[in-house]
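To start, the structure itself, in structure tokens.
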Amino acid sequence: MFEIGNWDKKNHIEIIRLIDSKTGIACFDFDNTLVKNDFGELVMNKIILDGLPKLKTNFENYFQNKILAKLIFESRFDNPKQFSIFINEEYLQIQNQIDVETSYRWSSFIFSGYKKSELRNFSREVWNNEKSKSDSKEKVQIFQDMINLIFYLKKKSWLVYIITASPEEIIKEIAEEFGIPEQNVIGMNLVEESGILTDKILEPYTYGLGKVISFKTRTGKTPDLCFGDSMNDFELLSSAKLKGVALDKGNKDFITKSIQKSFLIQKHFF
């Protein structure tokens, strides 16, 4: 049984109808769709606070002010907060001056230098730490309404995938917590050299239209139901053969376009 929980009644009825109408494929974005807040960014920021211990390239090459970047990097263990602020200011500046995708692509260097197994272990450590925290506005935590939906989909023999702009290994490590096998996670993949992740992204990158292309490339199929919370997910939701479901967290442009495409609009579970 798929409990109504916090779902809008009409959406709940329609989603059940669609799931019961056939056996298909459902795709979910991860951050702010299956979980509250952004787990990918949380892992990124934890790596930064640790001082980018695995980085094998020159830190300053990623910044406009290379001289200051070099000085900040050299003092990172003495001033981890300053180091974090410096990186995030550049990240947000790229986001504001260019676009979100470019900032995500830029951040790939933060995950470089790790073996896949090391990045997964780090992801698990961060996830377990979040689970141990008391509830707060900033805590990353699972939306039970989505877990209930996933288990209903699986009961009806649907295939369920996660498609995320976050590094694939980070989300693979915790996918089973959502009842989703790790092989059904599609995300950012970095080129490996001698078993070590570099800052180069394997295309297509799972952002915007790249999510659609990546899913088709990986599976050879097109999803039937898709769920997402941002313009990053718009093309994916548009590709759904049955219906896209847009989670409304206050982004007017995303919701306006979603209404125009006749997606189901679901008030977020925050």
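With helices as the sole contributors, the chain gives -13000 deg cm²/dmol at 222 nm; each DSSP H run of n ≥ 4 counts as -39500 (n - 2.57), and the sum is divided by every residue.
Based on the mean of other Cβ atoms within 10 Å per residue, sort peptides 123-135, 179-191 so the most packed one is first. Walk me through the intermediate numbers first.
Details: 123-135: 13.2, 179-191: 18.2.
Per-residue mean Cβ counts within 10 Å order the peptides as 179-191, 123-135.
Suppose each label sits 7 Å from its Cα in the direction of the beta carbon; what would the Arg124-Thr222 distance come out to in nanometres? Modelled inter-label distance: 3.9 nm.
Here's how it looks for Lys267: its modeled amide H is under 5 Å from those of Asp8, Asp248, which are all 5 or more places away or on a different chain. The Asn58 and Lys22 beta-carbon pair, evaluated with R₀ = 41 Å, returns a calculated FRET efficiency of approximately 0.20. Calculated from the structure at hand, Cα Rg over 2.2 N^0.38 Å is found among [x] 1.03; [y] 0.98; [z] 1.10 as [x].
Multiplying the sequence separation of Gln97 and Leu209 by 0.36 nm and subtracting their Cα-Cα distance, what value in nm do you get? It would help to have the intermediate numbers written out before the result.
Working: separation 112, 0.36 × 112 = 40.32 nm, distance 2.09 nm.
My answer for the length gained is 38.2 nm.
Run down the lysines and flag those whose C-alpha is under 24 Å from the C-alpha of Lys66, throwing out any fewer than 8 positions away in its chain. Straight-line reach from Lys66, under 24 Å: Lys46, Lys54, Lys56, Lys81, Lys200.
In region 9-267, taking the dipole from charged Cβ atoms about the Cα centre, the farthest positive-side position among Cys27, Ile213, Ile48 is held by Cys27.
Just how large is the dipole of the chain about the Cα centre, in debye to the nearest 20, putting +1 at every Lys and Arg Cβ and -1 at every Asp and Glu Cβ?
Values: 37 positive and 38 negative charges, 146 e Å.
It works out to roughly 700 debye.
Placing +1 on the Cβ of every Lys and Arg and -1 on the Cβ of every Asp and Glu, with nothing else charged, gives region 134-256 a dipole about its Cα centre of roughly 660 debye.
Students often check this: by mean Cβ neighbours within 10 Å, which of 138-146, 204-212 ranks highest, and how do the rest follow?
Result, highest mean Cβ count within 10 Å first: 204-212, 138-146.
What is the chain's relative contact order, in percent, from Cα pairs under 8 angstrom and six or more apart in sequence? Provide the component values of the computation, followed by the final result.
Details: 425 pairs, mean separation 61.5, N = 270.
Once normalised by length, the contact order is 23 percent.
For the pair Asn37 and Ile67, label points projected 7 Å from Cα toward Cβ lie 3.8 nm apart.
Quick note: the coordinates plus some simple rules give every number you see, no bench work behind them. These numbers come from a predicted model, not from an experiment. Please note: Cβ atoms are built from the backbone with ideal geometry, for glycine as well, and neighbour counts cover all protein chains shown.
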